[in-house]
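Comments concern the structure below.
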Amino acid sequence: MPELQIGVLAIQGGFEAHVRMLVGLGAAVSEVRVPADADELDGLVIPGGESTAISMGIESAGLGPAIHAHHEAGRPIFGTCAGMIVCDDAHLEMADITAKRNAFGTQLQSFEVDLGIKGIGDEPLRAVFIRAPWIKRHGANVEVLASYGGHPVAARDGNVLVCAFHPELGDDSRLHALFMAMTTGSRERAHEEAEH
Ligand code: GLN
């Protein structure tokens with residue numbers, strides 16, 4: 001099979017580090033700015049930055065329907081930090097979660113912590129939180145993968161993976177590898193269905 005085609009939403013925020021990390025894992029990566037860029041992607045990353053700016057950019061570029069079509073086709077989405085907020089029930093409604101913006105407060109604007117995360121092995125991941133949200137509500141079908149200070153900060157709802165921190169910073173690409181494994185799985189399922 002050809003390499004995975006992963007799009008990174010490149011409207012605002014920290015998309016370049018995601019591109020580098022995914023290229024390092026062997027994906028074919030493209031930047032998504034207009035609806036046609038989102039066609040034929042196996043997976044889509046919505047990066048961190050400023051969720052209001054990203055939401056407004058999605059709206060003004062007319063990207064909402066293309067992102068929803070990707071999601072409804074069962075193709076994975078990875079929302080990080082502001083991108084997690086964009087996936088929540090107050091925005092694009094692709095993960096059954098409600099994010100609380102800037103949840104860690106002014107004293108803890110930015111911090112790093114070694115975080116154990118389900119599904120990436122026993123070794124903790126050095127997680128960089130920057131004016132990070134947390135998940136204040138989630139549905140029963142949402143699997144919490146990591147919590148910090150008693151609040152969920154990484155989770156999976158079907159084919160949508162979200163985290164409150166910046167996994168693209170540093171050199172630990174295990175969460176991106178998990179996302180790529182989800183993406184490989186969904187592509188294989190789609191091929192099997194097409195053959196039957
Ligand atoms: N505080 C930002 C927001 O609410 C998120 C910060 C980030 O993505 N690092 O949109």
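Things worth noting here:
- Per-residue ellipticity at 222 nm computed for the chain from its helices equals -9000 deg cm²/dmol, with DSSP H segments shorter than 4 residues left out and the rest contributing -39,500 (n - 2.57).
- In the range 127-184, Cα pairs under 8 Å separated by at least six residues give a relative contact order of 30 percent.
- Percentage relative contact order, the chain, counting C-alpha pairs under 8 Å, at least six apart: 19 percent
- Rounded to the nearest 20 debye, the dipole magnitude of the range 53-196 is 460 debye, with +1 charges on Lys and Arg beta carbons, -1 on Asp and Glu beta carbons, and the Cα centre as origin.
- D172/H68 FRET efficiency (R0 35 Å; Cβ-Cβ; nearest 0.05): 0.70
- The range 90-138: C-alpha gyration tensor shape, a/c 1.5 cut-off, then a/b vs b/c: oblate
- Rg over Rh, two decimals, the chain (C-alpha only, Kirkwood Rh): 0.94
- Between the Cα long axis of helix 51-61 and the first principal axis of the chain there is an angle of about 20°, rounded to the nearest 10.
- Compared with the dominant principal axis of the Cα atoms in the chain, helix 15-24 is inclined by about 60°.
A short reminder: the numbers here are calculations on the coordinates, not readings from a lab. The shown structure was predicted, so the numbers you read here are calculated from the model rather than taken from an experiment. Don't worry about glycine lacking a Cβ; one is built from the backbone with ideal geometry, like all the others, and counts go over all protein chains shown.
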